[in-house]
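All remarks here apply to the structure that follows.
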Amino acid sequence: MNYSLIATAAFGLEGIVHRELEQLGYEARTENGFVRFGGTLEDAFKANLWLRTADRVLILMAEGPVMSFEDLFRLVRGSPWQELMPRDATIPVSCKCARSQLMSPSDCQAIVKKALTEELMAYYHISWCAESGPRFPIHISIHQNQARVMVDTSGDALNRRGYRTWNGEAPLRETLAAAMAMLSGWRDTTPLHDPCCGTGTLLIESAFLASNRAPGLKRSFLMETWPKVDQKLLERYRNEAKAAFTPEKLPAITGSDIDPEAIELCRNHIHQAGMDEYIQVSVTDLNALQLPEEKVQFLANPPYGERLSDQKQCLALYKGMRGLLDRHPQSHLAVLCGNPSFERAFGRRASKKRRFYNGRLECDYMLF
Ligand SMILES: C[S@@+](CC[C@H](N)C(=O)[O-])C[C@H]1O[C@@H](n2cnc3c(N)ncnc32)[C@H](O)[C@@H]1O
């Protein structure tokens, strides 16, 4: 069966998710905060396995205008839940309402659950739903009286690739790190270096990207527990992804950080990502960093100096980054920074700039 599928994304990343879906062979449409595409359950799995910059993949089961609880009930009853769910499905429901007639999430949750369980009871000829089987988390979104009822196929959010055990001081989301690597203009024949590598997210995501390593290869997805999914096809997709991984041609991917503890964590993450052979890191102050190569793609997420007391140090660090680029004159720098004074301290205007959010922090992504 063909479903309407949705890949959700953080603000600013929708366009990249759209591009990724097209590269996977799907026709995609970008809407507010998500990208819509069509496919089977197994296509949803493929998207989970391969999308680097999306947060989740959802199945859109029902969509339409709702002005009352009756409307919502009817909308849910009209959808083919039995195609997806077994008789013992466990169905947690969550809801967000905004600028709509229906503004009580808990009431909407109760209505949707009632409609859905009635549908399953009628189809399976049972008098109650035991909810002892696989989970099918339902997300309801009601915005300006338009409802969408979706089922989550991912489970843990897609940024959880399975290699991170500890977040460090200021972790960068894996999805955003992947987007930075994709938008940097990096040609994967050029050496790449992160001079403030922290726990290594940018290095690992860049190495995944350049070696065609599916980001979800080492983790599972909730939908793999669903009985109506073609397990053989999923296994085939996983095997194809394993075969597609070609790390042999990776250029030098290296990182450094002034903090020895961060480098220790970074090494753990690189090991857990299975990339020890391909990524080298060291404890080095950026101001003393000199790489053997002349042409390098620098990729960095320096500290932002949120506390006033850190400001001076941060501005000096940004100036130091300019020195680093000057010492490697044929090189490029792509940097994500939440400090509006970055360009001033760096002493040059970015040739390209776009706005992202790192968690709740508004950041500029800049190319030099
Ligand atoms: C925002 S964190 C980077 C987080 C990283 N992207 C990650 O995924 O974990 C900034 C890093 O810059 C490092 N740093 C600060 N001053 C530095 C310097 N002078 N030289 C090198 N690294 C420095 C900090 O130790 C910290 O790990």
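For this structure, a couple of remarks:
- For the pair Glu22 and Arg348, a Förster radius of 30 Å applied to the C-beta separation gives a FRET efficiency near 0.35, rounded to the nearest 0.05.
- With R₀ set to 35 Å, the beta-carbon distance separating Glu261 from Glu235 gives a calculated FRET efficiency near 0.30.
- Given charges at beta-carbon only (K, R positive; D, E negative), |dipole| of the range 274-363 in Debye: 660 debye
- When the charge dipole of the range 3-152 is built from unit charges on Cβ atoms (+1 for Lys and Arg, -1 for Asp and Glu) and taken about the Cα centre, the candidate among Ala44, Ile138, Cys95 whose Cα reaches farthest toward its positive end is Cys95.
- Under 12 Å from the Cα of Lys96 - aspartates and glutamates, other chains or at least 8 residues apart: Asp107
- Spacing of the modelled spin labels on Glu83 and Arg187, each 7 Å from Cα toward Cβ, amounts to 4.7 nm.
- Note on Tyr123 and Glu224: their simple-model spin labels are 2.5 nm apart, each label 7 Å out from Cα toward Cβ.
- Counting only DSSP H runs of at least 4 residues, each contributing -39500 (n - 2.57), and dividing by the residue count of the chain, the helix-based mean residue ellipticity at 222 nm comes to -10000 deg cm²/dmol.
- Judged by the mean number of other Cβ atoms found within 10 Å, the most tightly packed of the peptides 295-302, 234-241, 193-200 leads the ranking 193-200, 295-302, 234-241.
- Peptide packing for 178-188, 95-105 was compared via the average number of neighbouring C-beta atoms within 10 Å per residue; ordered from the highest value, the list is 178-188, 95-105.
- Using C-alpha pairs under 8 Å with a sequence gap of at least 6, the mean separation divided by the residue count of the range 81-232 gives a relative contact order of 25 percent.
- Think of the chain as having a plus end and a minus end, set by charges on the Cβ of Lys, Arg, Asp and Glu; of Gly155, Leu217, Ser206, Ser206 sits farthest toward the positive end of this dipole.
- Nearest-20 debye value, the chain charge dipole, Cβ charges on Lys, Arg, Asp, Glu: 620 debye
- Segments 47-53, 131-137, 351-357 sorted - mean Cβ within 10 Å per residue, highest first: 47-53, 131-137, 351-357
- As a ratio to 2.2 N^0.38 Å, the alpha-carbon radius of gyration computed for the chain takes the value 1.11.
- Test item: Cα-centred dipole of the range 3-152, Lys/Arg +1 and Asp/Glu -1 on Cβ, debye: 220 debye
- Folded to 0 to 90 degrees: helix 41-50 orientation relative to the chain principal axis, Cα: 10 degrees
- In percent, rounded to a whole number, the relative contact order of the range 3-152 is 25, using alpha-carbon pairs under 8 Å and six or more apart.
- Virtual spin-label span in nm between Val283 and Phe11, 7 Å along Cα→Cβ: 3.9 nm
- Given Lys113/Lys232; Lys249/Lys295; Lys46/Lys114; Lys242/Lys353; Lys46/Lys352; Lys312/Lys352, the pairs whose alpha carbons are separated by over 28 Å: Lys113/Lys232; Lys46/Lys114; Lys242/Lys353; Lys46/Lys352
- Per residue, the average separation of C-alpha pairs within less than 8 Å and at least 6 apart gives the range 237-368 a relative contact order of 19 percent.
Computed from the coordinates by the stated procedures, all read-outs in this text should not be read as laboratory data. If you're wondering where the values come from, they're calculated on a predicted model, not measured in any experiment. When we count neighbours, we look across all protein chains shown, and the Cβ atoms used for this are built from the backbone with ideal geometry, even at glycine.
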